[in-house]
Amino acid sequence: MKFSRQTTLRSQATVCGIGVHSGSPVSLTIGPASVDAGLIFVRTGLEGGEREVQATARSVIATEFATVLGDSEGPLVSTVEHVLAALRGMGVDNATIEIDGPEAPIMDGSAAAFVAAIDQAGVVSQSAPRRYIQVLKPVQVAVGDCFGELRPYASGFRAEAEIDFANPVIGRQTYALELNPEGFRREVARARTFGFMNDTARLWRAGFALGASFENSVVFDEERLLNPEGLRFADECVRHKVLDAVGDLALAGLPLLGAYRSVRGGHKLNHAVLTALLADRTAWREVEAETARRPRVQAETGRGVVGGRIAAAFGPDVS
């Protein structure tokens, strides 16, 4: 695959699972799309026929417990961040994502199943140059003690995250990644969503996390990791924050050339920073691959700062 060209999938691949919030079975199929199509969700199985929604920031209608896409008719598909992270992380520019339910399958709580589906389908180059959104100046959003920033970066796209929970089980963790397919696959794709056991009853009453289990979430109480198999990384929680950021920022519509930093953030903050960038036409420009400096190919492993054992659940600023 040439760096300078757009990419799509060679064929289709399907994953089946349940929605983490709905608990309902769902099937999702990724497949090829034409040059400049971007990432398009196609909702099937609806009365009146299929509906499509472009995976862009303009289509986001909620970010409270997951990233939800929709249109003037209402919500269309939710919990899209992991499949978008896999597509952007593996360097796919154009794809269709057909889904027969209102929520993407959670699988094991990470992006690993979607990476496997991309591998099965295969990634191929297309005829047109790859286009990017290049960040020209810093754009910042602060809400309380949460902070997010996109800033210029000459070497491709870098994602940095920091979490700092008062709960001593979590403590402070930081992680940074230079995004490329090899690094994404190795460093963050397998990092699972996480949350606190003591949030479960409240979320169930609100109709969320009905499909959550130890099979698709890292779960902690105030003192212990409850998953019998343990963690995949010592700093799995902050790595998952980086995974979510890659997925949420894929909603720029084109790959970003810049560095993103999130402190105590989540889907809402990721979307707010991206929206602030796109709203300021002096803060970015669209460039083709030939005019963009080639990103470095090595992934930077996390400089993990783990304040204790890790923590978990489905709060708006956690999962």
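The values are calculated or read from the model by the stated rules, or taken from the named source; none is laboratory data. Keep in mind that what you see is a predicted model, and the values were worked out from it rather than measured. Here the Cβ positions follow ideal geometry from the backbone for every residue, glycine too, while neighbour counts run over all protein chains shown. Quick note on the areas: whole protein, heavy atoms, side chains included, nothing else; ligands and nucleic acids left out. Shrake-Rupley method; radii C 1.70, N 1.55, O 1.52, S 1.80 Å.
The table below lists the values:
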item	result
Checklist (1) open to solvent by 30 Å² or more (accessible area, probe 1.4 Å); (2) over 14 Å from the mean Cα position of the chain (by Cα); (3) touching a residue at least 40 places away in the same chain (Cβ under 8 Å) applied to residue 259, failing item	(1)
Count - residues of the stretch 278-314 that are touching a helix residue (DSSP H, G or I) at 6+ places or on another chain (Cβ under 8 Å) and either at pLDDT 95 or above or among the hydroxyl-bearing types (Ser, Thr, Tyr) (or both)	4
Condition check for residue 66: small (Gly, Ala, Ser), buried (at least 16 other Cβ atoms within 10 Å of the Cβ) and in a loop (DSSP other than H, G, I, E, B)	yes
Residue under evaluation residue 160, criteria (1) over 25 Å from residue 258 (Cα atoms); (2) among the acidic types (Asp, Glu); (3) surrounded by 15 or more Cβ atoms within 10 Å (Cβ to Cβ), criterion not met	(1)
Residue match in the stretch 41-59 (condition: open to solvent by 50 Å² or more (accessible area, probe 1.4 Å) and in contact with an Asp or Glu (Cβ under 7 Å, 6 or more places away or on another chain))	yes
Test: residue in the stretch 142-161 that is closer than 22 Å to residue 5 by Cα, in contact (Cβ under 8 Å) with a residue 24 or more places away in the chain, touching a Ser or Thr at 6+ places or on another chain (Cβ under 7 Å) and among the hydrophobic types (A, V, I, L, M, F, W, C)	no
The stretch 165-182 - residue that is at pLDDT below 80 and open to solvent by 40 Å² or more (accessible area, probe 1.4 Å) and, of those, nearest to residue 148 (Cα to Cα)	165
Conditions (1) open to solvent by less than 10 Å² (accessible area, probe 1.4 Å); (2) closer than 21 Å to residue 204 by Cα; (3) not hydroxyl-bearing (Ser, Thr, Tyr): number failed by residue 76	(2)
Residue within the stretch 101-118 that is over 21 Å from residue 216 (Cα atoms), among the hydrophobic types (A, V, I, L, M, F, W, C) and within 16 Å of the chain's Cα centre (by Cα) present	no
Identity of the residue in the stretch 119-142, part of a strand (DSSP E or B) and over 21 Å from the mean Cα position of the chain (by Cα), that ends up surrounded by the fewest Cβ atoms within 10 Å (Cβ to Cβ)	127
Residues of the stretch 83-116 that turn out to be in a helix (DSSP H, G or I) and open to solvent by less than 10 Å² (accessible area, probe 1.4 Å), as a count	8
Condition met for residue 70 (in contact with a Leu (Cβ under 9 Å, 6 or more places away or on another chain) and within 25 Å of residue 188 (Cβ to Cβ))	no
Residue match in the stretch 183-203 (condition: open to solvent by 40 Å² or more (accessible area, probe 1.4 Å), closer than 24 Å to residue 257 by Cβ and out of contact with any Phe, Trp or Tyr (no Cβ under 7 Å at 6 or more places or on another chain))	yes
The stretch 63-74 residues that are without any contact (Cβ under 8 Å) to a residue 60 or more places away in the chain, paired with ones that are part of a loop (DSSP other than H, G, I, E, B) and open to solvent by less than 60 Å² (accessible area, probe 1.4 Å) (beta carbon under 8 Å, 6 or more apart)	68/79; 68/80; 69/55; 69/80
